Amino acid sequence: MSKFQRFLYITFIFFLLNSGHALCHTKGIRFRSSKGKHSHRQSTMTGTNGSEQQFMQWVKFVGSLNHSVFKTAKNKLFPSYTLTVDKNPAKGDFTTIQDAIDSLPSVNLVRVVIKVHAGVYTEKVNIPPLKSFITIEGSGADETIVQWGDTAQTPGPRGQPLGTYASATFAVNSPYFIAKNITFKNTTPVPPPGAVGKQAVAFRISADTATFLGCKFLGAQDTLYDHLGRHYYKDCYIEGSVDFIFGNGLSLFEGCHVHAIATLTGAVTAQGRGSMLDDTGFSFVNCKVTGSGALYLGRAWGPFSRVIFAYTYMDNIIIPKGWYNWGDPSREMTVFYGQYKCTGPGASFAGRVSWSRELTDEEAKPFLSLSFIDGSEWIKL
């Protein structure tokens, strides 16, 4: 292959892996009351039948195992080589995680395991688009912590605010990423209600086919930016105050503990599905929701926002209405918010908003297994 051919090949891969666009995340935390509620009731009811038909079409679609813009996922499980990170230079190959990542080839096509020994690593980490097949493995989520303290209003290199997207302590932009037994933390304190520019991301995943096993994500507003792609979270702990799981990914959370630290009013999710053509949504299965404050299960960041809780324990912090329309009653006709066989004092469906639903067995089925994210293709535990 000539140098010119090699250049064209690398350029093509770059544009393929980097084809997704960053969402402009400008949401605040102000909860506005809906005006003209009764005037919208009739339009909401007339849209019910059409919405139901759209949903059942989507139910069939998500079961078709055709979620990805990529070809069939081919994960590389077994490591080709292993690197170690330790704060003591005598005990590891590198003293920072970023240095270990920077040592890899610009285009990485083999599985690399980076074992991070116990310690608190105060650094901002970024994995670029072409460094695929990276595994970050800690010595235990309570023993290995990566932390930083940027917010959306932190000045960037050119003096302009970073914005939510760039505030992430740990950012992944390449596919086939795996994280095990490690904590990702944003050290920014819980902001007061109505604070501006305090979005502070602990972890951002902006690529397809990522797996998280036994990890912790700690922050306040906007902790986990599930930006885009198919993702699997297993036995993870996610902590925050407002919209602390947000983005437009297609993601399954299984056996996870979601914990709120809101001082007054908070929200677990802000799912960003912006079109009925977007094949995205969050599904929480066999999870538990605990914490402080009065908590919404989700806010309709995207007009077609989609979130499901199944077999999930909910503490008594859940606001009876359950869901918030982002101050836009028109979204009540297009969002899809559902529960299925949830338990606990906060799980009662009696007080939920009329535009959420208690799922039937048929409606719930596509959301309950790895097939929701084509897991049989790429998840190899």
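The values are calculated or read from the model by the stated rules, or taken from the named source; none is laboratory data. The structure displayed is predicted, hence computed values, not measured ones. Counting neighbours? That spans all protein chains shown, and the Cβs are built from the backbone with ideal geometry, glycine included.
Of the set (1) crowded, with 16+ Cβ neighbours inside 10 Å; (2) modelled with pLDDT of 95 or more, all apply to Ile379 but (2). Screening Lys198, Lys124, Lys131 for residues that are among the basic types (Lys, Arg), at pLDDT below 95 and either buried (at least 18 other Cβ atoms within 10 Å of the Cβ) or touching a strand residue (DSSP E or B) at 6+ places or on another chain (Cβ under 9 Å) (or both) leaves exactly one candidate, Lys198.
One residue is enough: does the stretch 171-180 have a residue meeting the conditions modelled with pLDDT of 95 or more and farther than 21 Å from Trp378 by Cβ? No, the stretch 171-180 contains no residue that is modelled with pLDDT of 95 or more and farther than 21 Å from Trp378 by Cβ. If you go through the stretch 264-304 and pick out every residue that is at negative phi and in contact with a His (Cβ under 6 Å, 6 or more places away or on another chain), you end up with 3.
Filtered by the rule that a residue be in a strand (DSSP E or B) and farther than 28 Å from Thr95 by Cα, the stretch 144-161 gives a lone residue, Pro161. Contact map, the stretch 76-88: residues that are assigned by TED's automatic domain parsing to the domain that holds Ser139 paired with residues that are among the acidic types (Asp, Glu) and not in a loop (DSSP other than H, G, I, E, B), Cβ distance under 8 Å, separation 6+ or inter-chain. Pairs shown: Val85/Asp99.
When every residue of the stretch 364-371 is checked against the conditions, none turns out to be at pLDDT 95 or above, among the small types (Gly, Ala, Ser), over 30 Å from Ile178 (Cβ atoms) and buried (at least 20 other Cβ atoms within 10 Å of the Cβ). Out of curiosity, is Leu295 free of Cβ contacts under 8 Å to residues at least 60 places away in the same chain, in the same structural domain as Thr312 (by TED's automatic domain parsing), closer than 21 Å to Asp328 by Cα and not in a loop (DSSP other than H, G, I, E, B)? It is true that Leu295 is free of Cβ contacts under 8 Å to residues at least 60 places away in the same chain, in the same structural domain as Thr312 (by TED's automatic domain parsing), closer than 21 Å to Asp328 by Cα and not in a loop (DSSP other than H, G, I, E, B).
Is it true that Thr343 is surrounded by fewer than 18 Cβ atoms within 10 Å (Cβ to Cβ), in the same structural domain as Gly281 (by TED's automatic domain parsing) and free of Cβ contacts under 8 Å to residues at least 24 places away in the same chain? No. Once the stretch 274-292 is narrowed to residues that are assigned to a strand (DSSP E or B) and of a type in the set (S, T, N, Q), the residue that is nearest to the chain's Cα centre (by Cα) is Ser283.
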